[in-house]
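One structure is given here, and the rest of the page talks about it.
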Amino acid sequence: MPLKILLLILLFLFSFFAKAQNETPKDSTSTHLNEIVISQNKKTFTNSNGNIKVDVANSIYNTIPNPIDLLAKLPLVQVSSDREKISIVGKGNPLIYIDNQRATMNDLNALAVADIKTIEIIQNPSSKYEAEGRAVILITRKLSKKEGFKTEISETASFKKNYNNYLGFNSNFKKGKLEWKANFNYNRRNPWENHSIAYEIPQASIVSNYDVTANSHVKEYVFGGGLFYKINEEDYFSVNVSGKLRDDDFGINTFTYNRNQDVENNVFTWSENSSNKNFVNAFMNYSKRLKFIDTKFFAGFQYSNYNQHLLSLVQNNFKETEFELSQNRDQKFNVDVFSGRIDLEKKFKNEMNLEYGALYLNAQSKSDSDIFDFEQNENTILNYDFKETNLAAYTQLSGKIKKADFSVGLRLENTNAYGKYKSNSFSSIDKNYTNLFPKVEFSFPIDSTKNVSLNYAKNIVRPKYSSLSQIATYINPYFLYGSSINLGPAFTDEISSSFQYLDKSVKMSYFRTKNTANYSFLFNEETNVLTLTEVNFKRESGFTIDFTLPFTYKIWTTTNSLTFIKSKVEDDAALFTSSKPYLYYYTNNSFKLPKAFTYMFTFWGTTKQYDGVFERKANFVFDMSLSKTFGKNWNCTLNYNDVFKSTIYTEKFTVNNINSKSRYLVDANEISIAIRYSFGKIKESEFKEKTVNENESRVR
């Protein structure tokens, strides 16, 4: 059925296009002028040394209803099925910046696509970005100096396995030196999830497999608002508040086969779950030019809070008898983060630029677990407190030596982490470590069309605060998804080089990561319960070769990316199999058709992956969309995603002598229609904000 629909839509588009091309315009002069305007439009994609910049404001991308779906359409960017994580192929989780300011997924959800000017994927960020990122997604919002107001209302109806609805409201107002921005989104989502895992524990003579399905009913309230006051041309003051409130009711059905020694069980597990996840972020900025030393000064304060409460009532039915209550699980997690920072920047007459600054961050989290076991008639209560303090100082010098551009930076970070169960007299975590993070970049022009660049960077990836909690998801009597309070940071050294010819580039890089985080199994021999959780593996190393090939021909704009990757994961507890190169490919094609139509299709995929420990199947995903603009105020976009229903992931690995094979079905097959209406008039905004908390992405 999807293939027939695809063929019909393609046939319609091509016939429409052919008809439009054969039509004889009544006014040849007007047609000629229109062609001149089109030829002067900016390119949708530009490429510099493998860093891809996308012009959102002047392309079909401005019709996509939300920023998460927008990012999913871009090269190298992959969004998880729960829409909570973003990764860059070969780079892991990127830092997210909005107007050169650190942001999170929650901030992305509170951002209106109508406010976005460009998005840039930076694969070798300089030392002005904190040490945690091997890649950066930089979102730049529109800038303007004109007064007025503009309001935009959007509605998206999405049809997957279940119906989903997204309603958005965005408003800007500017008068004199004062600017106000606000947005509100109300989402009703009904996500469907399914996965299965088959595993063997030879030392305990256990063979088991399960198939689990979850149907959720999610209500989300996403909001953001702020005031910006421009003191003069160089000084400003701003405050901003954003957040996301989520209520989630979901039932989980699990069918399990388990054989322990000679005892076999078929179990049907039903759990009723209620979850609340709330995130609030607020910050205040002040920027001033210190004229007596000709230095730009910035000071800011930021507060973030994330709160989660999960209630679960679990029942089991053994061998098709009757349901019996198993567990009543009440789990809470809360984290508060306060941070403050100072940045100074001085430019010299010889094109040198010196930046330096300092940061203070304090995070405190509480994790409370209250589990009543009906079978054992006992209650288990655990309360875990965690504190972390970060102190950082950095300096960066950039400029030009003859024809070569350079940037040299150094960052010093001290981390003090302490964790303790209230019932214990001793601490579970007590760490104090200091690290230096250098970053160096040189760029050498060969001529006006070619240049070569060299980069070195040392990075750190710290675990999310919620990864250090006790919250676990009950799957069946033998299996849990859990967190790990002992998860530590990972450190990466990376060196890369790129060659650029016009807008085409090839980039090569080598990286080596110590204490990389991966999923592992922990088996409790007393209870025979297996827990899947993240732990630190010994190391990961690898290299990538990345080709970026964009071009434009008349109405057709295409961007193509090919990345050859070879990585090797190693750990003493994991079985090493083989490490082989694999290919990631991506192509995006958009066509500007007559009558204000725009058609776009994208497909991406990977070949089969072997990285030493994990084996993953090949995949292929095809999306397409058709957009139509009506006058100056209305826009309608039809999307058909994952046309061939091929978003299926499989994974095999052996760790701690436990063999497993998993299969994940992602509910990505979607037909959606988005309608957007705007009124009022204000050209872009000059609203500015600068985040203070450089670990903000961990607050979830």
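The values are calculated or read from the model by the stated rules, or taken from the named source; none is laboratory data. Please read all numbers here as calculations on a predicted model, not as lab measurements. All Cβ positions, even for glycine, are placed from backbone atoms using ideal geometry, and neighbour counts span all protein chains on display. Just the protein is used for accessible areas: all its heavy atoms, side chains included, with ligands, DNA and RNA removed. Shrake-Rupley method; radii C 1.70, N 1.55, O 1.52, S 1.80 Å.
Here are a few things to note about the model shown:
- Between Asn253 and Lys349, the modelled labels are 7.8 nm apart [label points 7 Å from Cα along Cα→Cβ].
- Radius of gyration and Dmax over the Cα atoms of region 545-693, both given in Å: 21.5, 64
- Linear extension gain, Leu391 paired with Leu454, 0.36 nm per residue minus alpha-carbon span: 19.7 nm
- Extension gain from Lys431 to Leu502, taking 0.36 nm per residue of separation minus the Cα-Cα distance: 20.7 nm
- Ratio Rg/Rh [Cα only; Rh per Kirkwood] for the chain: 0.96
- Relative contact order, percent, the chain [alpha-carbon distance under 8 Å, six or more residues apart]: 13 percent
- Close amide-amide hydrogen proximity is noted between Lys85 and Ser80, each under 5 Å apart and 5 or more residues distant or on a separate chain (H modeled in the peptide plane; Pro and chain starts excluded).
- Solvent-accessible area per residue in region 558-610 equals 41 Å², computed with a 1.4 angstrom probe and all protein chains kept.
- Summarised in one figure, the compactness ratio Rg/Rh of region 416-532, Cα atoms and Kirkwood Rh, is 1.19.
- Shown for the chain: the carbon plus sulfur share of the solvent-accessible area, taken with all protein chains present and a 1.4 angstrom probe, equals 57%.
- Rg and Dmax of region 225-301, Cα atoms only, in Å: 27.3, 83
- ³J(HN,Hα) computed for each position of region 293-299 - Karplus, 6.51 cos²θ - 1.76 cosθ + 1.60, integer Hz, glycine/proline x: 10, 6, 9, 8, 10, 9, 9
- Ranked by the mean number of other Cβ atoms within 10 Å of their residues, highest first, the peptides 433-445, 253-265 fall in the order 433-445, 253-265.
- Region 255-371: C-alpha gyration tensor shape, a/c 1.5 cut-off, then a/b vs b/c: prolate
- The Rg/Rh ratio of region 156-265, with Rg taken over Cα atoms and Rh as the Kirkwood radius over Cα pairs, comes to 1.34.
- With 0.36 nm allotted per residue and the present C-alpha distance subtracted, the Thr558-Tyr286 stretch has 93.8 nm of extension available.
- Out of every Cα-Cα pair that region 627-685 contains, those further apart than 16 angstrom amount to 68 percent.
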